[in-house]
1. Which condition number in (1) surrounded by 17 or more Cβ atoms within 10 Å (Cβ to Cβ); (2) modelled with pLDDT under 95 is the one that Ser163 fails?
2. For the stretch 1-55: of the residues being among the polar types (S, T, N, Q) and either crowded, with 18+ Cβ neighbours inside 10 Å or in contact with a Ser or Thr (Cβ under 9 Å, 6 or more places away or on another chain) (or both), which is modelled with the lowest pLDDT?
3. Evaluate the stretch 33-49: report whether one residue or more is farther than 25 Å from Thr205 by Cβ and polar (S, T, N, Q).
4. Checking Thr205 against (1) in contact with a helix residue (DSSP H, G or I) (Cβ under 7 Å, 6 or more places away or on another chain); (2) surrounded by fewer than 20 Cβ atoms within 10 Å (Cβ to Cβ): exactly one of these is not met. Which one?
5. Can you find even one residue in the stretch 89-103 that is of a type outside the set (A, V, I, L, M, F, W, C) and either in contact (Cβ under 8 Å) with a residue 40 or more places away in the chain or closer than 27 Å to Arg208 by Cα (or both)?
6. Checking Ser52 against (1) touching a residue at least 24 places away in the same chain (Cβ under 8 Å); (2) more than 19 Å from Ile10 (Cα to Cα), which single condition isn't satisfied?
7. Residues in the stretch 166-202 that are of a type in the set (A, V, I, L, M) and surrounded by fewer than 16 Cβ atoms within 10 Å (Cβ to Cβ): how many?
8. What's the number of the only condition in (1) of a type in the set (A, V, I, L, M, F, W, C); (2) under 20 Å from Asp191 (Cα atoms); (3) not in a helix (DSSP H, G or I) that Ile88 fails to meet?
Amino acid sequence: MRTRVKICCIGSPREAELAISAGADALGLVAAMPSGPGPIADELIADIAAASPPAISTFLLTSETSAASIAAHIDRTRPTTVQIVSHIAAGDAAELARLRPHIRRVQVIHVEGPQALDLVPAYSPFVHAFLLDSGRPGAATPELGGTGRTHDWSISAAFVAASPRPVFLAGGLDAGNVGEAIRRVRPFGVDVCSGVRRNGALDLTALRDFMRAVRAADES
């Protein structure tokens, strides 16, 4: 199976074009966050989402935590997919599925230990996919993504094996380690931000190297 690639922290229409031309399957559009790189205005998220080809998934990364506020954020930005970066209440996950059934819903799981596996049954009935990341939502200033850190891939592999939903892997990936990550975890897709950026901008060489590494892992 071909590993899907999501390029996150897209900051402009030009970066979106570069990611798509390199072979990205999805674009990550980061809204306001308590910390981390790449946030852009909701108006720009809406513009990039509207201009993206139908075959490209556009992920709104939202830090909202209630079903009503997430639904309102979706309405302001019009993505194909919402990526919920906080561990929200299961009741809100269920309510969001009722409020916006036409939007694909991806729940981020921050892998801080084996307890991440307990969240598989909590969210699976209400989401289309999971994304495993290396944030620290309980920190004094919550980290909800874009940390540039890897986490314990053995836990991620166990999560993939346990999940009835597709799983994306994020957290510190780059061209040098994504092949090993794919071989060890076997995710549905991979997600990268800092690993393809240089001096705050999407770097075409790093992006191409990352895509080549993913395809090489798929063929191995």
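1. It fails just one condition, (2).
2. Ser35
3. yes
4. With (1) in contact with a helix residue (DSSP H, G or I) (Cβ under 7 Å, 6 or more places away or on another chain); (2) surrounded by fewer than 20 Cβ atoms within 10 Å (Cβ to Cβ) applied to Thr205, the lone miss is (1).
5. First, pick out the residues of the stretch 89-103 that are of a type outside the set (A, V, I, L, M, F, W, C): 91-92, 95, 98, 100-102.
Right, trim to either in contact (Cβ under 8 Å) with a residue 40 or more places away in the chain or closer than 27 Å to Arg208 by Cα (or both) and you get none.
So far as the stretch 89-103 goes, no, none of its residues is of a type outside the set (A, V, I, L, M, F, W, C) and either in contact (Cβ under 8 Å) with a residue 40 or more places away in the chain or closer than 27 Å to Arg208 by Cα (or both).
6. (2)
7. 1
8. (2)
The values are calculated or read from the model by the stated rules, or taken from the named source; none is laboratory data. Just so we're clear, the structure is a prediction, and the values are computed from it rather than from any experiment. When we count neighbours, we look across all protein chains shown, and the Cβ atoms used for this are built from the backbone with ideal geometry, even at glycine.
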